[in-house]
Amino acid sequence: MEVVGICGSDVHYLVDGRIGPFVVEKPMVIGHEASGTVLELGRNVKHLKEGDHVAIEPGSGCRRCKYCKTGRYNLCPDMRFCATPPIDGNLARYYVHDADFCFKLPSHVSVEEGALLEPLSCGVRACKRGGVTIGSTVLILGAGPIGLTSLLAAKAFGASRIVIADFNESRLELAERFGANCTIQVCPDDEENDVIEHVYEAFDNKQPSVSIECSGAEMGIRIAILVTKTGGKAVLLGMGKTEINLPLGSALFREVDIKGVFRYVNDYPTSLDMVATGKVDVLPLITHQFPLEETLEAFETARTGAGNAIKVLIRPNTDSSSNC
Ligand SMILES: [Zn+2]
């Protein structure tokens, strides 16, 4: 492997030992945001050659069930997904993966960009689920890596106004660089109604057509439902508690569709195209890089957010003595 990014879910597994129904019961190799160099190929693989750089979509379905056959393989009950118990991830020097989920990177796309296709695909999936298109107005709650890639995707999909909210000032500064029309810095003691008021102000007293919730916090999800315009879509991407209090009446009476996002499905090619054509630049997300030998430090940086960490990368094949 060339580059493996640390994702919030990796940190969840490390700290909590579980995410929702997925429980770590025995030691598991972590890592699922990866790019690599092809060393060897299966004899029937025709679309790759040795030495190619590839982005690795980390899950592969059974290819036989109704979900796989109808293009929703992310819902396959027999999905094998990197670093989702009990399947090992790819934070390793050498790793074997199904070739049809390896996407060749053009020579002008770096392996770092290849690894970042994973979080970008989450943002692409959220925008597709929310029907973001030219003229959409989009609220994004949470400016972590997934909020920021949702912003990049919404911009590329043609949204006319994008507002993003977070506690963290440095993340909001990056959101501005990424093209957010307005940022909202939420304070820890802000009440729900305070934030809602800021949102309305940011949209010139209108309601966004799509809200993408990336924080996973109860207040964030409640706000996503409450502020989305009548007939709009609230897309849930952030992972938090599985049972919370929600204003479902607001969604019911106003036909606000609540849409869950689980990973991505056929979104890697879209993400690669967006990067390869220069429509989005994911590289500013990278704040830290570590060699494999410093994985513990890398995880500590990702867990604590030290040094304004956004995306922390590990380079499995970089010698620890080199300066990265
Ligand atoms: Zn399947």
Practice prompt. Please enumerate the residues belonging to the range 90-112 that are of a type in the set (A, V, I, L, M, F, W, C), surrounded by 15 or more Cβ atoms within 10 Å (Cβ to Cβ) and in a loop (DSSP other than H, G, I, E, B).
Written response: Leu91, Ala92, Leu105, Val109
Worksheet item: Only one residue in Ala115, Ala55 is open to solvent by less than 10 Å² (accessible area, probe 1.4 Å), touching a helix residue (DSSP H, G or I) at 6+ places or on another chain (Cβ under 9 Å), of a type in the set (A, V, I, L, M, F, W, C) and away from the ligand (no atom under 16 Å from the Cβ), so which one is that?
Response: Ala55
Practice prompt. Could you please tell me which pairs satisfy a Cβ distance under 6 Å, a separation of 6+ or placement on different chains, a first residue in the range 78-97 that is within 15 Å of the ligand (Cβ to nearest atom), and a second residue that is among the polar types (S, T, N, Q) and open to solvent by less than 40 Å² (accessible area, probe 1.4 Å)?
Written response: Arg80/Ser60
Item to complete: Hey, can you tell me all the residues within the range 1-24 that are among the charged types (D, E, K, R) and at pLDDT below 90?
Response: Asp10, Asp16, Arg18
Fill in: From the options Cys76, Cys68, residue that is of a type outside the set (Asp, Glu), closer than 19 Å to Glu118 by Cβ and buried (at least 17 other Cβ atoms within 10 Å of the Cβ)
Cys76
Worksheet item: Name the helices (runs of 4 or more DSSP H) wholly within the range 206-302 that hold at least 1 residues that are open to solvent by 40 Å² or more (accessible area, probe 1.4 Å), under 22 Å from Cys82 (Cα atoms) and modelled with pLDDT of 95 or more?
Response: 268-276
Item to complete: Report yes if some residue within the range 16-27 is open to solvent by 10 Å² or more (accessible area, probe 1.4 Å), more than 16 Å from the ligand (Cβ to nearest atom) and within 20 Å of Leu116 (Cβ to Cβ); otherwise report no.
Response: no
Worksheet item: Does any residue in the range 111-128 that is among the polar types (S, T, N, Q) come within less than 7 Å, Cβ to Cβ, of a residue that is open to solvent by less than 10 Å² (accessible area, probe 1.4 Å) six or more places away or on a different chain, and which pairs are these?
Response: Ser121/Tyr264; Ser121/Asp267; Ser121/Tyr268; Ser121/Ser271
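The values are calculated or read from the model by the stated rules, or taken from the named source; none is laboratory data. Remember, it's a predicted structure, so these values are computed and weren't measured experimentally. As a convention, Cβ positions derive from the backbone with ideal geometry for all residues, glycine included, and neighbour counts pool all protein chains shown. Please note that ligands, DNA and RNA were not included when accessible areas were found on the heavy atoms of the full protein model with its side chains. Shrake-Rupley method; radii C 1.70, N 1.55, O 1.52, S 1.80 Å.
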